[in-house]
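**Student:** Mind having a look at this structure? Questions to follow.
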């Protein structure tokens, strides 16, 4: 007679493989440092913009540099938003492609939760915003849809040092996916005019970049000219130039022909390793510095901003829409697949991460500028994004701190290394991840 069948219950947020855990830990360290720099840059901009010397801050933003003959004589604020953020989206595109080609998310069972959560975290806050501000400023519907990777991970580093690796990975993946969704939204809905000829011309340097990368080129002086040409032509077409960063990233191969496993020395990981410090440590903080400076006192300041339907819609989208969308999507996946949370975790942990997903800083500020331009509404958008993101960080802190003891117990079990070989014991068990 056949023996009893054992069914293996599907689990949400189970541990990733050891190589993937080490790689994610390295990314988290870099993004955490970048998040600290981002917060410092934003604070410096706020202090300067609210000081007696606030006009000098505005004058600095307006300084124009670049070749006029190529229509690239842009002010510093535009260079930060269109140029430096292209580096940020290039790195995000590399991370996302590697995760789905060679990372743990190549398994659809692992990928479905963060992807579904990211989609829910885009759709629901947009609906919440439109319910509140649709009649006043409908073009701002996408502002509360993106999670800021650096800001959220910086907060997580302070309040959740013992948080299980699977939840950290989930937050990182969710943020990268909804950043990619955000760049698609920018390309489709925030292109005010479209010049087809430059857009078609951008294909040539894009193809050249792809060929060079696939033939093993790594030197910056070889790859930067076609990358810059692609960026400049996309910028000239009217499509937001950061789209070029994602397009370039998607041409970079993940697998390597030279390494035995085809993964460890892949071009995507190489470029991500080289450029992530530039993205997290320079590109995002500089953009934050040029975007976060807004007067929060006096006429048109904080009190007036938070009585504006547009600002209320943004805060509600970040504080209510984002967590609800992430939670509902994750719960729906669990219900549909009959999966359970990994051992030791509870839905309150997911709620804390979902609230943390309401930190929408970098891309929210970018979309706000695209939706409303400069002026009074843009200033109120910035105040609302700052207020909503800080409130989300504070609320997430309270929720995750309530579970600190549980996280410490899980952390001890995850990091126990009895044979001192540098690999935690749980990754060496026959039934381990």
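Values quoted throughout were computed directly from the atomic coordinates according to the rules given, and no laboratory measurement underlies them. From a predicted model like this one, the values you see are computed outputs, not experimental measurements. Cβ: placed from backbone, ideal geometry, glycine included. Neighbour counts: every protein chain shown.
**Student:** Simple spin-label model, 7 Å along Cα-to-Cβ: residue 337 to residue 401 in nm?
**Tutor:** 3.3
**Student:** Could I ask something else about it? Taking the number of other C-beta atoms within 10 Å as the exposure measure, put 350, 131 in order starting with the fewest. Show your work: numbers first, answer last.
**Tutor:** Details: 350 24, 131 13.
Exposure proxy ranking, most exposed first: 131, 350.
**Student:** Another question about this same structure. At a Förster distance of 22 Å, what's the computed FRET efficiency of residue 190 paired with residue 217, Cβ-Cβ distance as r, to 0.05?
**Tutor:** 0.10
**Student:** Follow-up. Please report the projected area of segment 58-202's Cα convex hull averaged over all directions, in nm².
**Tutor:** Working: hull surface 49.8 nm².
If I average the Cα hull's projected area over directions, I get 12.4 nm².
**Student:** Now a separate question. I'd like the distance between the alpha-carbon centres of segment 177-212 and segment 100-146, rounded to an integer number of Å.
**Tutor:** 21
**Student:** How far is it, in nm, from the label point at residue 255 to the one at residue 29 when both lie 7 Å from their Cα along the line to the Cβ?
**Tutor:** Placing both labels 7 Å beyond Cα along the Cβ direction yields 3.0 nm.
**Student:** Now for a separate question. Please give the FRET efficiency for residue 51 paired with residue 348, using the beta carbon to beta carbon distance and R0 = 30 Å, rounded to the nearest 0.05.
**Tutor:** Result of the calculation: an efficiency of 0.10.
**Student:** Counting just the Cα atoms, what span does segment 194-238 cover along each of its three principal axes? Round to the nearest Å and put the largest first.
**Tutor:** 34, 15, 8 Å, listed from the longest principal axis down.
**Student:** Additional query: Stretched out fully, how many nm does the piece from residue 43 to residue 409 gain, at 0.36 nm a residue minus the Cα gap? Don't skip to the end; give the middle numbers.
**Tutor:** Numbers: separation 366, 0.36 × 366 = 131.76 nm, distance 3.53 nm.
Here the answer is 128.2 nm.
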